[in-house]
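Notes to accompany the following structure.
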Amino acid sequence: SRIKISNVDKDLASEFRRAITLKIGDPFTRIALESSINSLNQYLKSNQFSDSKVDETNLNFNENKTLVEIDFVLKVGSKFQFVFKGNQLFDDNTIRGWITPDVLAQSDPIRFIEQLIQEKYREVGYHFCKVHSVLDKNKNEKIRRIRFQIDEGSKVIIEDRKSTRLNSSHVKR
């Protein structure tokens, strides 16, 4: 009969409501409820609210249990904004594409993103790439800005490949 989102301001509630798969008038099932919870959690992660989640779900049934009011109580933390500096090889959109909801769901997503960027650079020959992050400390903002400094280093190129065979006479026993 009613779907509420609690513990957030009205603007965010209307934004998050789009992610809920259950609609007013739909038949209620536990599977549909779980699907809405998962969809809402996925939406939070994919929209860079990585430390946010559905904290609890309250169900209020009418007397004859034919109607239910659902209240999704959210625990909403900060939204992340990622800034990349020093990168010449990949554009910012490519790097942002690597930051999937699975990456944001890691226990320490910032360190994971640093390692992920380094891996991607190393895959294309930048074996000395280093990535460092800095979190802006402004507590008044709802957005946590994280700056990733990418020191690409030099690209390693193999110019010549020589084959060497080990002869049994060269092996010390």
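The values are calculated or read from the model by the stated rules, or taken from the named source; none is laboratory data. Keep in mind that this is a model prediction, so the values were computed, not measured. Backbone-built Cβ (ideal geometry, glycine too); neighbour counts: all protein chains shown. Accessible surface areas use protein heavy atoms only, side chains included; no ligands, DNA or RNA. Shrake-Rupley method; radii C 1.70, N 1.55, O 1.52, S 1.80 Å.
With both partners inside the chain, how many of the DSSP beta bridges are antiparallel, as a percent to the nearest 5? List each step's numbers first, then the result.
Values: 14 of 26 bridges.
Percent antiparallel among DSSP bridges in the chain is about 55.
In percent, how large is the relative contact order of region 1-85, given Cα pairs closer than 8 Å and 6 or more residues apart?
Numbers: 120 pairs, mean separation 29.7, N = 85.
For region 1-85, the relative contact order is 35 percent.
Residues of the chain: accessible area per residue at 1.4 Å, in Å²? Each step should come with its number before you reach the end.
Details: 11980 Å² over 173 residues.
That works out to 69 Å² for each residue.
Binning every alpha carbon pair distance of region 1-155 at 10 Å from zero, what are the percents per bin?
10, 33, 25, 17, 10, 4, 1, 0
Probe radius 1.4 Å, ligands and nucleic acids left out: which of Ser154, Ser133, Ser52 has the largest accessible area, and how do the rest follow?
Details: Ser154 80, Ser133 30, Ser52 0 Å².
Correct descending sequence by accessible area is Ser154, Ser133, Ser52.
So which of Lys23/Lys45; Lys23/Lys75; Lys79/Lys130; Lys10/Lys130; Lys10/Lys45 end up more than 30 Å apart by C-alpha? Don't skip to the end; give the middle numbers.
Details: Lys23/Lys45 22 Å; Lys23/Lys75 22 Å; Lys79/Lys130 25 Å; Lys10/Lys130 41 Å; Lys10/Lys45 19 Å.
Result: Lys10/Lys130 exceed 30 Å.
Per the 1.4 Å probe, what fraction of the accessible area of the chain, in percent, lies on carbon and sulfur atoms? Show your work: numbers first, answer last.
Working: 5640 of 11980 Å².
After summing per-atom areas, the C and S share lands at 47 percent.
Over 14 Å apart: what share of the alpha carbon pairs of region 1-84 falls there, rounded to a whole percent? Present the calculation step by step, with values, prior to reporting the outcome.
Numbers: 2198 of 3486 pairs.
Within region 1-84, distances greater than 14 Å cover 63 percent of Cα pairs.
Which aspartates and glutamates, if any, have their Cα less than 15 Å from the Cα of Lys120, not counting same-chain residues under 8 positions apart?
Asp91, Asp92, Asp151, Glu152
Taking region 86-125, how much of its Cα-Cα pair set, in percent, is spaced more than 13 angstrom apart? Let's see the in-between values first.
Working: 415 of 780 pairs.
Here the long-distance tail beyond 13 Å is 53 percent of all Cα pairs in region 86-125.
Checking the cross-link filter: which aspartates and glutamates have an alpha carbon closer than 20 Å to that of Lys65, excluding same-chain neighbours under 8 positions apart?
Asp26, Glu34
Taking the Cα centre as origin and putting +1 on Lys and Arg beta-carbons and -1 on Asp and Glu beta-carbons, what dipole magnitude results for region 85-156, to the nearest 20 debye?
Values: 13 positive and 11 negative charges, 65 e Å.
Dipole of region 85-156, to the nearest 20 debye: 320 debye.
Among the aspartates and glutamates, which have Cα under 16 Å from the Cα of Lys142 when same-chain residues fewer than 8 positions away are ignored?
Asp9, Asp11, Glu15, Asp51
Please compute the contact order of the chain in relative form: average sequence separation of alpha-carbon pairs under 8 Å and at least six residues apart, divided by the residue count, as a percent. It would help to have the intermediate numbers written out before the result.
Numbers: 243 pairs, mean separation 32.8, N = 173.
The value is 19 percent.
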